[in-house]
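Undergrad: This structure is in structure tokens; I'll ask about it shortly.
The values are calculated or read from the model by the stated rules, or taken from the named source; none is laboratory data. On a predicted model such as this, the values are computed, not experimentally measured, just so you know. Here the Cβ positions follow ideal geometry from the backbone for every residue, glycine too, while neighbour counts run over all protein chains shown. Surface accessibility is based on the protein's heavy atoms, side chains included, excluding ligands, DNA and RNA. Shrake-Rupley method; radii C 1.70, N 1.55, O 1.52, S 1.80 Å.
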Amino acid sequence: MGLGKKSIRINGADCGFESILLGVITSIGGFLFGYDTGQISGMLLFKDFVNRFGQDQGDGTRDWTPIIQSLVVSLMSIGTLIGALSGAYTADWWGRRKSLSFGVCIFIIGNIIQITAMNSWVHLMMGRFVAGLGVGNLSVGVPMFQSECSPREIRGAVVATYQLLITFGILISNILNYAVRSIEDSDASWRIVIGLGIAFSLPLGIGILWCPESPRWLAARSDWEGARTSMARLRGLKHDPKHPLVERDMKEMYDSLEVQNRVGVGSWVECFTGSTKATPKVAYRTLLGVAIHFLQQWTGVNYFFYYGATIFESAGIEDPIQTQLILGAVNVAMTFFGLYVVEKYGRRWPLFLGALWQAGWLAVFASMGTALDPENNRVSGIIMIVSACMFIASFASTWGPIAWVVIGETFPLRTRAKQASIATAANWFGNFLISFLSPIAADGISYAYGYVFVGCNLAAAAIVWLFLYESRTLSLENVDRMYGEKDVKPWTSSKWTPPGYITRKQRDETHDHDDDATRIGSTETRRAVSGEKKNSDSFPSEARTEDASRAV
């Protein structure tokens, strides 16, 4: 029996093994993101790495000048920004699966360029730029693919595994940096760390081709039979594609796609030009996604992961790479808790409270580093490490995973790929600013730089409270409906239930047939989603087929 015929019960509904396998494989994209982020922190301290790519100092030694260090670290983020914008095109042109394989190929090319660098920091920097193109492409494709394929009962947890694998990538890179530091006088130290990234990427590039394609992408191209088969496989019902659970998912998807197709094809401009009845609050949701993802970076997390080893070395910590390893372990452990948080408590409250908690501990970190010189005060150094751990514990269980969940389920289908690209590009732009400005800012204002992140976390808490709607347990189609309800406010959105539902999880079966008649009504629509034919032609009609083929 194939995996497409196996399922388990989660939150009262059938979730196919293939949907779980898809979540695991695609999350490797997050691992590559984290691995590339975490490896540079330790490598910046390796003797051979510094001797090859550092700069001559006035005292005759080799070390990094702040601007060169900023460029080497940050140009990867410029690559990821461009890759994120390109991800909208590749995901729409080739489908979600092939787009991810393409991103892996670009990532591998970038790693090869880095490995072959000899003494030129520009050569190394360009390799990081190319690898960033691949990571950026994946950072758009993975959460979008997971959101479109995962049954809504597990969607939040599946998308959150993307962040979980980011934390694993950071931890594994920290472990490898710690393991090879005994040979830091040899070029093998950093070449091994970079080269292993190629091996880690292969399961994603190859394995994803064996997973089902996104049913929503197939439906948008009028491949209703393919969409039904994919939906059934993801529910573990490949042997029963007419199962009521599959029928319900297909009807909701068809209804949403039909309404959106009537107003034309989504464009980049439309992401910022208001809304229609079919696609409410489009510009609102674009700007919300941009704000959340930009501020995810400016919570300050990559201040620690890019430069943590350097920060703690300057604070007088005896083994800064070991300290970085501790932070990575906290990051992984608390992200597991985040998978529970996102399904149990939703999106709004964890993001709101997490931002306030993070602001508090960053204030402690910055205050201790500013008031007491940590290089000459052991207590100050210890408190700073504890503060960093408490900050990362919160980020890992809230802003880390949930920001990716939000962009995966907030946007309408017609413009989802483009809006996800814009939001993810904002994430990478924030990432670039952090990686570029941190060495320069730290050289100028030292640990007082932490107060900047305090302010950003407070701003993030305010934006979540005032603008983010609670989408927990809703289908992607019903998220659109919720944003279109004029009487629903962000702070009351958790109480909203879709028409025809008793709760967000349970349909009102006594009104089910009436609701279907209202939403799906026509015989043509029922035939389209059930795979029937009218005369010898499949549905929808030719006009709708042409519209649907351009929908995404």
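Undergrad: Please specify each residue of segment 334-366 satisfying the condition of being of a type outside the set (F, W, Y), over 19 Å from V159 (Cβ atoms) and without any contact (Cβ under 8 Å) to a residue 40 or more places away in the chain. Write out each step before concluding.
TA: Step one: of segment 334-366, the residues of a type outside the set (F, W, Y) are 334-335, 338-339, 341-344, 346-348, 350-351, 353-356, 358-360, 362-364, 366.
Then drop every residue that is not over 19 Å from V159 (Cβ atoms), which leaves 353, 355-356, 358-360, 362-364, 366.
Of everything in segment 334-366, those that are of a type outside the set (F, W, Y), over 19 Å from V159 (Cβ atoms) and without any contact (Cβ under 8 Å) to a residue 40 or more places away in the chain turn out to be G360, V364.
Undergrad: Give me the pairs, please: first residue somewhere in segment 430-457 and free of Cβ contacts under 8 Å to residues at least 40 places away in the same chain, second residue anywhere and part of a helix (DSSP H, G or I), beta-carbon distance under 7 Å, and either six or more positions apart or on two chains.
TA: Matching pairs, first to second residue: A441/Y449.
Undergrad: Look through V364, V341 and report the one residue that is in a helix (DSSP H, G or I) and open to solvent by less than 20 Å² (accessible area, probe 1.4 Å). Please lay out each step first, then the result.
TA: Numbers: V364 fails: open to solvent by less than 20 Å² (accessible area, probe 1.4 Å).
Just one listed residue meets the conditions, V341.
Undergrad: All but one of (1) over 23 Å from R285 (Cα atoms); (2) charged (D, E, K, R); (3) open to solvent by less than 10 Å² (accessible area, probe 1.4 Å) hold for E409; state the number of the condition that does not hold.
TA: (1)
Undergrad: Aliphatic (A, V, I, L, M) and touching a Phe, Trp or Tyr at 6+ places or on another chain (Cβ under 9 Å): which single residue out of V158, V135, V140 fits that description?
TA: Residue meeting the stated conditions: V135.
Undergrad: Also, quick follow-up: Which residue is modelled with the highest pLDDT, if the candidates are limited to segment 227-245 and must be over 26 Å from the mean Cα position of the chain (by Cα) and open to solvent by less than 20 Å² (accessible area, probe 1.4 Å)? Spell out the reasoning first.
TA: Quick first cut of segment 227-245, residues over 26 Å from the mean Cα position of the chain (by Cα) only: 228-229, 237-245.
Okay, now just the ones that are also open to solvent by less than 20 Å² (accessible area, probe 1.4 Å), so 228, 237.
Numbers: R228: 91, L237: 80.
Across segment 227-245, the extreme among qualifying residues is R228.
Undergrad: Please determine, by comparing only the residues of segment 479-502 that are in contact with a helix residue (DSSP H, G or I) (Cβ under 9 Å, 6 or more places away or on another chain) and among the small types (G, A, S), which one is most open to solvent (accessible area, probe 1.4 Å).
TA: The selected residue is S494.
Undergrad: While we're on this one: Tell me, which residue of segment 75-123 that is among the small types (G, A, S) and open to solvent by 10 Å² or more (accessible area, probe 1.4 Å) is nearest to G23 (Cα to Cα)?
TA: First pass over segment 75-123, keeping only residues among the small types (G, A, S): 77, 79, 83-84, 86-88, 91, 95, 99, 101, 103, 110, 117, 120.
From what is left, the residues that are open to solvent by 10 Å² or more (accessible area, probe 1.4 Å) are 86, 101, 120.
On the way: S86: 22, S101: 15, S120: 39 Å.
Applying the filter and picking the extreme gives S101.
Undergrad: Return a yes/no flag: does segment 462-478 have any residue that is surrounded by 17 or more Cβ atoms within 10 Å (Cβ to Cβ) and basic (K, R).
TA: So far as segment 462-478 goes, yes, one or more of its residues are surrounded by 17 or more Cβ atoms within 10 Å (Cβ to Cβ) and basic (K, R).
Undergrad: Still on this structure, I have one more. Among the numbered criteria (1) open to solvent by 30 Å² or more (accessible area, probe 1.4 Å); (2) in contact (Cβ under 8 Å) with a residue 12 or more places away in the chain; (3) assigned to a helix (DSSP H, G or I), which single criterion is violated by I422?
TA: (1)
Undergrad: Those residues that are open to solvent by less than 20 Å² (accessible area, probe 1.4 Å) and part of a loop (DSSP other than H, G, I, E, B), I need them from segment 52-74; list them, please.
TA: Correct list: G54 only.
Undergrad: Name every residue in segment 368-383 that is without any contact (Cβ under 8 Å) to a residue 12 or more places away in the chain, part of a helix (DSSP H, G or I) and closer than 15 Å to I445 by Cβ, in order of residue number.
TA: Scanning segment 368-383 gives a single hit, A371.
Undergrad: Scan A355, A371, A388 and give me the residue that is of a type in the set (G, A, S) and open to solvent by 40 Å² or more (accessible area, probe 1.4 Å). I'd like the intermediate steps shown before the answer.
TA: Values: A355 fails: open to solvent by 40 Å² or more (accessible area, probe 1.4 Å); A388 fails: open to solvent by 40 Å² or more (accessible area, probe 1.4 Å).
From the options A355, A371, A388, the qualifying one is A371.
Undergrad: If the Cβ limit is 8 Å and pairs must be 6+ apart or interchain, which residue in segment 141-154 that is of a type in the set (K, R) pairs with which residue that is open to solvent by less than 10 Å² (accessible area, probe 1.4 Å)?
TA: These pairs meet every condition: R152/L474; R152/S475; R152/L476.
Undergrad: While we're on this one: Among the residues of segment 338-367, count how many are under 17 Å from Y303 (Cα atoms) and among the aliphatic types (A, V, I, L, M).
TA: 6
Undergrad: Just wondering, is there one or more residues in segment 213-220 that are more than 23 Å from the chain's Cα centre (by Cα) and open to solvent by 20 Å² or more (accessible area, probe 1.4 Å)?
TA: no
Undergrad: Can you say whether T424 is on the phi > 0 side of the Ramachandran plot and within 21 Å of the chain's Cα centre (by Cα), as far as the supplied structure shows?
TA: Details: on the phi > 0 side of the Ramachandran plot: no; within 21 Å of the chain's Cα centre (by Cα): yes.
No, not satisfied.
Undergrad: Please give the number of the condition A179 fails out of (1) in contact with a helix residue (DSSP H, G or I) (Cβ under 6 Å, 6 or more places away or on another chain); (2) over 25 Å from A220 (Cβ atoms).
TA: (1)
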